[in-house]
There are 4 protein chains.
Amino acid sequence: MRLRTSCNIKFEISEPTPFILMLRPRSGNQQWVEREEYKITPSIPVTEFTDNYGNLCQRLIAQPGQFLISTSSEIVTSNFIDQDFGASFVDIQNLPDAVLSYLLPSRYCESDCFYEMSSSITNGHLYGYNQVSAITNWLRDNISYLPGSNNQPLSASQVNIRRFGVCRDFAHLGIALCRSLSIPARIVVGYLYDLEPMDMHAWFEAYVGDRWYTFDATQINSPGGYVILGFGRDAADVAIFNQFGPLVYPTEQLVKVEQISSDT
Amino acid sequence: MRLRTSCNIKFEISEPTPFILMLRPRSGNQQWVEREEYKITPSIPVTEFTDNYGNLCQRLIAQPGQFLISTSSEIVTSNFIDQDFGASFVDIQNLPDAVLSYLLPSRYCESDCFYEMSSSITNGHLYGYNQVSAITNWLRDNISYLPGSNNQPLSASQVNIRRFGVCRDFAHLGIALCRSLSIPARIVVGYLYDLEPMDMHAWFEAYVGDRWYTFDATQINSPGGYVILGFGRDAADVAIFNQFGPLVYPTEQLVKVEQISSDT
Amino acid sequence: MRLRTSCNIKFEISEPTPFILMLRPRSGNQQWVEREEYKITPSIPVTEFTDNYGNLCQRLIAQPGQFLISTSSEIVTSNFIDQDFGASFVDIQNLPDAVLSYLLPSRYCESDCFYEMSSSITNGHLYGYNQVSAITNWLRDNISYLPGSNNQPLSASQVNIRRFGVCRDFAHLGIALCRSLSIPARIVVGYLYDLEPMDMHAWFEAYVGDRWYTFDATQINSPGGYVILGFGRDAADVAIFNQFGPLVYPTEQLVKVEQISSDT
Amino acid sequence: MRLRTSCNIKFEISEPTPFILMLRPRSGNQQWVEREEYKITPSIPVTEFTDNYGNLCQRLIAQPGQFLISTSSEIVTSNFIDQDFGASFVDIQNLPDAVLSYLLPSRYCESDCFYEMSSSITNGHLYGYNQVSAITNWLRDNISYLPGSNNQPLSASQVNIRRFGVCRDFAHLGIALCRSLSIPARIVVGYLYDLEPMDMHAWFEAYVGDRWYTFDATQINSPGGYVILGFGRDAADVAIFNQFGPLVYPTEQLVKVEQISSDT
């Protein structure tokens, strides 16, 4: 389908404040960027670089006063996420070098602590895709999805105790469980068509059957309509904005996703 | 200034034909991409990757029939290119690692053959920016700028014999002369506001005084208004399209650059 | 000085076990590798790749039976670590792109939780090197250095509660405190001449005054004699061996560091 | 087999002279570095970086007087090069991103000029490995191998006219012919056991059947015993030393390769 996304973020800045933004979608295997807008008001110098995960990041210093980020895009993405029950576990020795770092524990995914839990959840399931699917189902059944229930990232261990959370929390726990089984997993942030309530979204991908597959325990019927802004080990890597110095919060953050057509 | 660029290319394809395109501008130190469109008609799968030089490249297989690439962008770029007479030569040992490969000879820049010529041209000039400036002036005075005079890239040696050429030819000879003096130099392709006649353009950058500076021997008064699509060692690295299999030529290629405003 | 290092690790393997090793020192700004040996017994296929942090990593599958890794090297390294009191804090906007990821929280360095503590520790100190020095002194004064006191990595928060630890624990807390002040910091693993008791070692580096500086709160007089094996965000990135599948522990791990000469 | 290689190069330096060296072998899919030595006399600061092709490069400034580079290594490498007649041509769209740049023409491989010649040479051969094999045989039959016959790199076109040359010349022409058929090809420099007369060596690799294969038209029976120092597009990328400033020639360059054992 073709989607039109937009994200507008407003800040009141009181002193010069460095920002690193991650709001420019990149074309890749899963999406094609047909149109894209990215405006900073007032106009100030911005530079862009590619981080370790291949994401485009924008650096700037916001000046005192109102500071407005307006982005929009038109994206061709799949109507359905790829599913492949039976896709096999990839032996460590056969993983591409670039995928290996997604096996390691990270700030919010303490995968070193989850082996017993993931073994129990996936007991009896075929190694690979089906294990990740079992983890995703477990998350759906055991964690309550409460959009807006927290602002700061929680780690997988915290989520596992709390038993409710936002999309990011589901992703962190899912990733930690996968990695504890030696299945590479990474967080993805972006947009999802028809998300309720509409907001930025986070989900995860697992590497099985020689490619990355999308998993999202917050959704029921595995719909399509995903738009990717960035990949990373966990939420620490994929903040849509990182701000330095005295904390500033957005006075407004408006996200929209509309369908332009169902063609792909 | 704010520029609106567009480039539309049409092909008649007779058999499935792999293409690698380089038509998506990236934001960087010298430009900010405010809006950008990239449409392939008919719609087919496209993937994108970043090459060794940091350029975004698009891969696809054009199918038989009409094949149309339509791109446009709105870019904030400088009204004037930075000039810095006196910017010093950077000793080899102080060059960043990533710059070193721009000292080596390449397909169309046989810098290993130009040391005597470049020494003579820059004789008496301060090492660094002024040497590159002397080279640029020499090109203006000694090579006739004849847009459209050739289609295939010529090497610096060929250009030096022929004494006339297109923008790319000027860049190749300029780069070869710089590198022969151990000044890193690279080709840039993109758009230039008010270029006569309007078309894709090529120029070069030289690394002096700890940064890259723009040089364009085809223009007289060092105007601004440059929009960058890609960097490379020479034209072999920065074709806006590379096509594989039996040769196909565009049946139409239309380039436009308009000024939206003079603000930066 | 010139140092001769060696590290021999023995395992008894019961089933084919994938390993990723990080035991090959690289030459860089801080050390020159004059000689180096790396033997795997019995001989099996090994491949090598460079990870995101520039470390050389070795991949192999250990076969059942005895598995022995023998490495040694001769390294030229400094007699004293560079110290530069007064080296200034680098504003975020002036940090190189590649350094930015060392500002983010990571698995064992929850820098997002340490701002109050680090502000208090560094209160009254000049921004930059002196802040990091104050943090290092605070660690020396408040955390007891107990080599061998734990085997599994602890996070900075855990170390801060426990108040004793191994070299890695000091590094994690130091890094978390630095990052909370927007000072990039990274862990380093390797060897240290005259370490008591001799073993692999870990310390940290902070980026101030436009370069990385070495800090090691486990040592008193800032001696030299460091040999680097790897850099990373924290211990999760720089395990000298990562092993997958059922856990195997070394039956022997022998580390030696001798001085060959005091020349540099 | 296990090989012991050594390369000693002596210079008389008259003024401070920047060098970039490429004399440290890396472990990879095709070889394992068991031992390695790299000494610079007199001892001076050296730094090391990884270039665009993954090679380890050493940077230094040689000081006036005698300057000596002594390297040696013990390498495990195959007794036979892999051959795979029938390995298929890889369609452009299926080539890994990182391989694409080896399709482009480069300084000494003007592949854009060789399509007719390569089509004629490979006429009737299966697409892929067999085409490269036909090219290699053609080189053996049509170019005379005259070690020592030139010092400066020649381009494929020059070699094709001259009809004799050194190992590097064979590689350049072989690479140009492969690329003109859309087969990625790259130069390799290093050592070859039993080479007559012993010296540094160059050969090429072509990407067919989803991996790189070794081809060496200067040798008859496809022996093994190759030790790799570097990869690149052509000789411009893989000089074992690049020296800047007034030219200095080695007063001595001694290369040795001995077999330690035939085990692998």
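The values are calculated or read from the model by the stated rules, or taken from the named source; none is laboratory data. Because the structure is predicted, anything quoted here is derived from the model rather than measured. No Cβ is skipped: glycine too gets one built from the backbone with ideal geometry, and neighbour counts run over all protein chains shown. Ligands, DNA and RNA are stripped out before the accessible areas are found, and what is left, the full protein with its side chains, is counted by its heavy atoms. Shrake-Rupley method; radii C 1.70, N 1.55, O 1.52, S 1.80 Å.
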Selection count, the range B:108-136, where residues are open to solvent by less than 20 Å² (accessible area, probe 1.4 Å) and of a type in the set (A, V, I, L, M): 3
Given the structure, is D:Arg179 under 14 Å from D:Glu110 (Cα atoms), outside any helix (DSSP H, G or I) and touching a residue at least 12 places away in the same chain (Cβ under 8 Å)? no
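Would you mind finding the one in B:Ile220, B:Ile240, B:Ile183 that is aliphatic (A, V, I, L, M) and crowded, with 23+ Cβ neighbours inside 10 Å? Outline the logic, then answer.
On the way: B:Ile220 fails: crowded, with 23+ Cβ neighbours inside 10 Å; B:Ile240 fails: crowded, with 23+ Cβ neighbours inside 10 Å.
None of the others qualify; the one that does is B:Ile183.
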So which residues in the range C:241-264 are touching a residue at least 24 places away in the same chain (Cβ under 8 Å) and among the hydrophobic types (A, V, I, L, M, F, W, C)? C:Phe241, C:Phe244, C:Val248, C:Leu254, C:Val255, C:Val257, C:Ile260
For the range B:209-264, which residues satisfy the criterion of being within 14 Å of chain D (Cβ to nearest Cβ) and basic (Lys, Arg)? B:Arg233
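Could you check how many residues of the range C:245-262 are outside any strand (DSSP E or B) and surrounded by 14 or more Cβ atoms within 10 Å (Cβ to Cβ)? Give the derivation first.
From the range C:245-262, those outside any strand (DSSP E or B) are C:245-251, C:262; that's our starting set.
When the remaining residues are screened for being surrounded by 14 or more Cβ atoms within 10 Å (Cβ to Cβ), the result is C:245, C:248, C:250.
Here the count works out to 3.
When you look at B:Glu12, is it open to solvent by 50 Å² or more (accessible area, probe 1.4 Å) and either in contact with a helix residue (DSSP H, G or I) (Cβ under 6 Å, 6 or more places away or on another chain) or over 30 Å from D:Leu60 (Cα atoms) (or both), yes or no? First the steps, then the outcome.
Details: open to solvent by 50 Å² or more (accessible area, probe 1.4 Å): yes; either in contact with a helix residue (DSSP H, G or I) (Cβ under 6 Å, 6 or more places away or on another chain) or over 30 Å from D:Leu60 (Cα atoms) (or both): yes.
So B:Glu12 fits the description; yes.
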Suppose the filter is assigned to a strand (DSSP E or B), modelled with pLDDT of 95 or more and closer than 18 Å to A:Thr5 by Cβ; does A:Phe231 pass it? yes
C:Asp169 fails exactly one of (1) among the acidic types (Asp, Glu); (2) within 11 Å of chain A (Cβ to nearest Cβ); (3) open to solvent by less than 10 Å² (accessible area, probe 1.4 Å), namely (2)
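Do we find that D:Val159 is in contact (Cβ under 8 Å) with a residue 12 or more places away in the chain and in contact with a helix residue (DSSP H, G or I) (Cβ under 8 Å, 6 or more places away or on another chain) in this structure? Write out each step before concluding.
Numbers: in contact (Cβ under 8 Å) with a residue 12 or more places away in the chain: yes; in contact with a helix residue (DSSP H, G or I) (Cβ under 8 Å, 6 or more places away or on another chain): yes.
The answer is yes for D:Val159.
Go through C:Arg35, C:Arg4, C:Arg24, C:Arg59 for me and flag whichever is of a type in the set (Lys, Arg) and buried (at least 21 other Cβ atoms within 10 Å of the Cβ). Steps first, please.
On the way: C:Arg35 fails: buried (at least 21 other Cβ atoms within 10 Å of the Cβ); C:Arg4 fails: buried (at least 21 other Cβ atoms within 10 Å of the Cβ); C:Arg59 fails: buried (at least 21 other Cβ atoms within 10 Å of the Cβ).
One residue alone meets the criteria, C:Arg24.
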As an exercise: evaluate B:Phe49 against (1) buried (at least 19 other Cβ atoms within 10 Å of the Cβ); (2) assigned by TED's automatic domain parsing to the domain that holds B:His172 and give the number of the one condition it does not meet. (2)
Does B:Tyr213 satisfy the condition of being touching a His at 6+ places or on another chain (Cβ under 7 Å) and aromatic (Phe, Trp, Tyr)? no
For the range C:183-202, name all the residues that are touching a helix residue (DSSP H, G or I) at 6+ places or on another chain (Cβ under 6 Å) and within 30 Å of C:Ile92 (Cβ to Cβ). C:Pro184, C:Ala185, C:Arg186, C:Ile187, C:Ala202
Are there strands (runs of 3 or more DSSP E) fully within the range B:1-110 with at least 2 residues that are more than 11 Å from chain D (Cβ to nearest Cβ)? List them. B:2-13, B:31-41, B:56-62, B:65-77
Here are some conditions: (1) at negative phi; (2) open to solvent by less than 50 Å² (accessible area, probe 1.4 Å). C:Gly209 meets all but one. Which one does it not meet? (1)
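In the set C:Tyr191, C:Tyr226, which member is in contact with a Gly (Cβ under 7 Å, 6 or more places away or on another chain) and crowded, with 19+ Cβ neighbours inside 10 Å? Steps first, answer last, please.
Details: C:Tyr191 fails: in contact with a Gly (Cβ under 7 Å, 6 or more places away or on another chain).
From the options C:Tyr191, C:Tyr226, the qualifying one is C:Tyr226.
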Could you please give the count of residues in the range B:182-201 that are more than 27 Å from B:Glu116 (Cβ to Cβ) and in a loop (DSSP other than H, G, I, E, B)? 8
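Here's the yes/no breakdown for (1) open to solvent by less than 10 Å² (accessible area, probe 1.4 Å); (2) of a type in the set (S, T, N, Q); (3) assigned to a strand (DSSP E or B); (4) in the same structural domain as A:Ile40 (by TED's automatic domain parsing):
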| site | (1), (2), (3), (4) |
| --- | --- |
| A:Trp138 | no, no, no, no |
| A:Asp141 | no, no, no, no |
| A:Pro147 | no, no, no, no |
| A:Pro153 | no, no, no, no |
| A:Ser157 | no, yes, no, no |
| A:Ile161 | no, no, no, no |
| A:Leu173 | yes, no, no, no |
Determine the pairs where a residue that is among the acidic types (Asp, Glu) and assigned to a strand (DSSP E or B), located within the range D:202-214, has a partner that is at pLDDT 95 or above and surrounded by fewer than 24 Cβ atoms within 10 Å (Cβ to Cβ) with Cβ atoms under 6 Å apart, the partner being 6 or more residues away or on another chain. D:Glu205/D:Val188; D:Glu205/D:Trp212; D:Glu205/D:Thr214
Single residue of the range B:40-78 satisfying the filter (under 26 Å from D:Tyr102 (Cα atoms) and small (Gly, Ala, Ser)) that is modelled with the lowest pLDDT: B:Gly54
Residue list for the range B:21-50, restricted to those being without any contact (Cβ under 8 Å) to a residue 24 or more places away in the chain and under 20 Å from the mean Cα position of the chain (by Cα): B:Ser27, B:Asn29, B:Phe49, B:Thr50
